[in-house]
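The values are calculated or read from the model by the stated rules, or taken from the named source; none is laboratory data. Keep in mind it's a predicted model, so treat the numbers as computed, not measured. Here the Cβ positions follow ideal geometry from the backbone for every residue, glycine too, while neighbour counts run over all protein chains shown.
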Amino acid sequence: MRMTQRARRTAVAVVAAAAIGGGGVAVGAATAAPAATITPAASATASAPAASVPADVGGASYADVVRQVLPSVVLISTGEGLGSGVVLDRAGNIVTNAHVAGSATEFKVQVPGDPAPRAASLVGSYPPDDLAVIRVDDPKGLQPATFGDSAKAQAGDVVLAVGNPLGLSGSVTSGIISATGRVVAEPASEDGRAGATLPDAIQTSAPINPGNSGGALVTTAGEVIGIPTLTAAGAPGSQVQGIGFAIPSNLARDIARQLIDSGKVTNSHRAAIGAQVGTVTGRDGAPAGTGIVAVTSGGPADRAGLRADDVITAADGTPTPDTQALAGVLAAADPGDQLTLSVTRAGQAIDVKLTLGQLPG
């Protein structure tokens, strides 16, 4: 069975941290993770939980933490593949990644300790933050996870990644938090749609593999501080190990609660320019800027005087050769911030000051 979790591979180089407020931006050609093929035995949800603890933790055991967390991490299957989810409450709400939910509206959920899969339906999805909520029809016996304050996460903290990599239910890997506040971008989907740009990701060395997406990144106190979503991939033919990314739990809970309350996101906390954009290529075929395709009437771009066919080449001095680069800048900004955009219009270079609006939910 093909894994929905691309663990979402992205060619990542975290650079220009100072230019965009302490984060980084994912650059480079991005590719989806190779499809994984497993035998029915390997995908059996009744398989024994597997724990992986590195040799350099001084003999420490996290067995108690694993026993606490495992019942709250479920296996999600759709017609497209497998992923993970974390139980939010006893009403049956489960948070996962938007790319795990995909285009599905109906799901099968395998709850630890229960051999029978449970039916579930989509509550809501918010691809810009790669988050979704599904709800099982029968919430009996569900054990909600304990969520921690992701704002307190620090580089060097020991963490465990709990999920269902390659369909191996209840698998656990360990590592540390490598950095916080990373701005990373998912690769484009197979149909060409841009992936999410995550503004405040937690970087971890805990191995994240296909099937871990939507699972739990937990502290040694058993608190969920992140939802694993991405793993880094190098240039074709190379391997990158120990670089994974998770959505902070504070953001995940906030977006999930909005989806549960209204079925949509009412406050994205994300900045936007109010225009449809696309990457412009030069005569050599290389990206040459972010072109404005259409301007939202009355939006920030419209008020700033931007027009269709304008090409944004930089934002506050940060080059924007493509839409992903501009998305990285916007992900590190807040609604209400002012940007100076370097724009090419009919062959002439101009500067445009723009006050950012909010990305619609």
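Give the number of residues within region 105-132 that are touching a strand residue (DSSP E or B) at 6+ places or on another chain (Cβ under 6 Å) and more than 15 Å from Val95 (Cα to Cα). Looking only at that region, the number is 2. From the list Gly282, Gly328, Gly263, Gly305, which residue is touching a strand residue (DSSP E or B) at 6+ places or on another chain (Cβ under 7 Å), modelled with pLDDT under 90 and surrounded by fewer than 17 Cβ atoms within 10 Å (Cβ to Cβ)? Answer to the check: Gly282. Identify all residues within region 97-113 that are in contact with a Leu (Cβ under 8 Å, 6 or more places away or on another chain) and β-branched (Val, Ile, Thr); write none if there are none. Scanning region 97-113 gives Thr105, Val109, Val111. Look at region 91-117: where a residue is over 20 Å from Pro144 (Cβ atoms) and a partner is assigned to a strand (DSSP E or B) and among the hydrophobic types (A, V, I, L, M, F, W, C), sitting 6+ places away or on another chain with Cβ atoms under 6 Å, you get Ala98/Leu131; Ala98/Ala132; Thr105/Leu122. Kindly indicate which of Thr231, Thr281 is in the same structural domain as Val162 (by TED's automatic domain parsing) and among the polar types (S, T, N, Q). Just one listed residue meets the conditions, Thr231. Is it true that some residue in region 91-103 is of a type in the set (Ser, Thr, Tyr), at pLDDT below 95, closer than 25 Å to Gly195 by Cα and within 22 Å of the chain's Cα centre (by Cα)? There is at least one residue in region 91-103 that is of a type in the set (Ser, Thr, Tyr), at pLDDT below 95, closer than 25 Å to Gly195 by Cα and within 22 Å of the chain's Cα centre (by Cα).
The residues on offer are Gly148, Gly124, Gly113, and the sole one that is within 25 Å of Ala221 (Cβ to Cβ), within 19 Å of the chain's Cα centre (by Cα) and surrounded by fewer than 24 Cβ atoms within 10 Å (Cβ to Cβ) is Gly148.
Could we say that Thr290 is among the hydroxyl-bearing types (Ser, Thr, Tyr), crowded, with 20+ Cβ neighbours inside 10 Å, more than 21 Å from the chain's Cα centre (by Cα) and not assigned by TED's automatic domain parsing to the domain that holds Ala153 here? Here the answer is yes, as Thr290 does meet what is asked.
For Asp129, the conditions (1) surrounded by 22 or more Cβ atoms within 10 Å (Cβ to Cβ); (2) under 24 Å from Thr266 (Cα atoms); (3) touching a Gly at 6+ places or on another chain (Cβ under 8 Å) are fulfilled apart from (3).
Consider Leu122 carefully, then state whether it is more than 21 Å from Ser171 (Cβ to Cβ) and touching a Phe, Trp or Tyr at 6+ places or on another chain (Cβ under 8 Å). Yes, satisfied. Could you please let me know if Gln276 is within 27 Å of the chain's Cα centre (by Cα), under 30 Å from Ile134 (Cα atoms) and part of a helix (DSSP H, G or I)? So Gln276 fails the test. Answer yes or no: is there a residue in region 202-210 that is surrounded by fewer than 19 Cβ atoms within 10 Å (Cβ to Cβ) and outside any loop (DSSP other than H, G, I, E, B). No, the conditions are met nowhere in region 202-210. Within region 320-328, one or more residues are of a type outside the set (D, E, K, R), in contact with a helix residue (DSSP H, G or I) (Cβ under 7 Å, 6 or more places away or on another chain) and under 24 Å from Val265 (Cβ atoms).
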